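Accompanying notes for the structure given below.
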Amino acid sequence: MPAPSLGRSLRWLALPVVLVPLAWLLFTGLGSDPRVIPSPLVGKPMPAFAGTTLDGIEFSSADLLGRPAVVNFWASYCIPSCVDEHPVLLDLAARHGDELQMVGVLVNDAPDDARGFLDRYGHVSWPNLLNSDGDISIDYGVIGPPETFFVDADGIVVARHVGPLTSDEVNRQLAALGLAP
Amino acid sequence: MRRIALPVAVAALLALGALVVLELVRPSAPPTQVEQARQIAAELRCPDCQALSVAESQTAGAAAIHRQIVEQLAAGRTPEQVRAYFVTRYGEWILLAPSSPFAWWIPPAAVLLGVGVFAWWLGRGRGEAGPAASPPGQARDRIREEVEQLDA
């Protein structure tokens with residue numbers, strides 16, 4: 001039996017060379033979580049912000065330094081996602097309120113509507129910035145509420161979560177911040 | 001008539017060439033800040049809409065970005081610096097067109113690759129069909145012998 005020619009060998013090599021990368025792209029794409037949208041801010045210092053809260057108090061991001069922080073972008077019109085994650089945030093504050101700091105930032109929302117949301121779904125212990133000009137949303141590259149940024153004690157953004165927070169996601173991020181779930 | 005036609009044609013060509021050169025080298029007026037802002041807004045994706053640019057959208061998110069573009073240009077930043085600022089916040093996602101010129105070559109390269117693979121596949125089929133159509137030497141000799149025996 002004659003040895004296969006070089007051309008025939010290359011022909012059989014061409015099939016896996018084309019198919020294997022295609023299959024790899026397909027399977028990695030299908031397996032990825034669409035809520036994990038890479039942010040250029042991860043690994044970098046959190047953008048500084050300052051503003052007035054729903055309670056009329058001046059608040060600055062400098063107040064967050066020294067403890068891990070959770071910056072949550074939300075809105076009263078963001079239903080059901082913001083409604084779904086609200087008890088998760090309340091639970092997080094109840095369990096870890098002394099270890100980390102939380103701050104909410106409104107996204108294109110009217111203060112009265114935001115207050116109505118809190119009246120209905122539960123008042124919170126953390127400050128919520130009005131962000132009426134939308135500058136904080138732009139500085140954080142927010143596409144739409146809800147979005148949450150996890151920041152370590154040095155002010156470095158360690159993760160961004162797009163969509164409603166779940167208890168599992170919170171526990172995962174707490175571990176990344178060095179806190180017990 | 002023919003004596004005039006050639007110089008006229010040459011003169012027309014020269015005039016046309018001169019016009020093209022003038023148009024190319026003529027310094028155009030620099031765009032105003034409003035024009036620059038409009039151009040940048042047309043290149044940025046509106047974050048709270050579907051497949052619209054900031055320039056095309058009336059949403060609050062698009063209005064905030066448009067305002068920031070105007071403010072940053074007024075503060076003396078170049079259009080490139082303004083675009084870079086939004087990329088540092090949103091990533092390349094915010095750009096409606098990819099910034100890397102390499103990205104534009106991917107679709108034609110994929111088409112060329114497809115045509116190449118198809119041509120190779122067609123050529124392979126023809127190459128295999130060739131030897132099968134004519135019998136190998138020994139078989140041909142045997143057939144010829146059998147035909148000669150039948151004729152005899």
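Kindly provide the set of residues from the stretch B:101-122 that are at pLDDT 80 or above and farther than 16 Å from A:Val17 by Cβ, ordered by number.
B:Trp105, B:Ile106, B:Pro107, B:Pro108, B:Val111, B:Leu112, B:Val115, B:Phe118, B:Ala119, B:Leu122
Right, A:Leu118: surrounded by fewer than 19 Cβ atoms within 10 Å (Cβ to Cβ), within 14 Å of chain B (Cβ to nearest Cβ), farther than 22 Å from B:Val87 by Cα and modelled with pLDDT of 95 or more or not?
no
Of everything in the stretch B:58-81, what is part of a loop (DSSP other than H, G, I, E, B) and modelled with pLDDT under 95? Give them in sequence order.
B:Gln58, B:Thr59
Is it the case, given these coordinates, that B:Glu148 is outside any helix (DSSP H, G or I) and either acidic (Asp, Glu) or modelled with pLDDT under 95 (or both)?
When the stated conditions are applied, B:Glu148 does not pass them.
Can you name the residue in the stretch B:82-91 that is in a helix (DSSP H, G or I) and without any contact (Cβ under 8 Å) to a residue 40 or more places away in the chain and, of all such residues, is farthest from the other protein chains (Cβ to nearest Cβ)?
The qualifying residue farthest from the other protein chains (Cβ to nearest Cβ) is B:Ala84.
For the stretch B:21-32, which residues satisfy the criterion of being part of a helix (DSSP H, G or I) and loosely packed, with under 10 Cβ neighbours inside 10 Å?
B:Leu22, B:Glu23, B:Leu24, B:Val25
Among residues belonging to the stretch A:36-67 that are among the polar types (S, T, N, Q) and within 17 Å of A:Val158 (Cα to Cα), point out the one that is surrounded by the fewest Cβ atoms within 10 Å (Cβ to Cβ).
Filtering first and then ranking leaves A:Ser61.
The values are calculated or read from the model by the stated rules, or taken from the named source; none is laboratory data. Here the structure is a predicted model, which means the values were calculated and not measured. With ideal geometry, Cβ positions are generated from the backbone for all residues, glycine too; neighbour counts draw on all protein chains shown.
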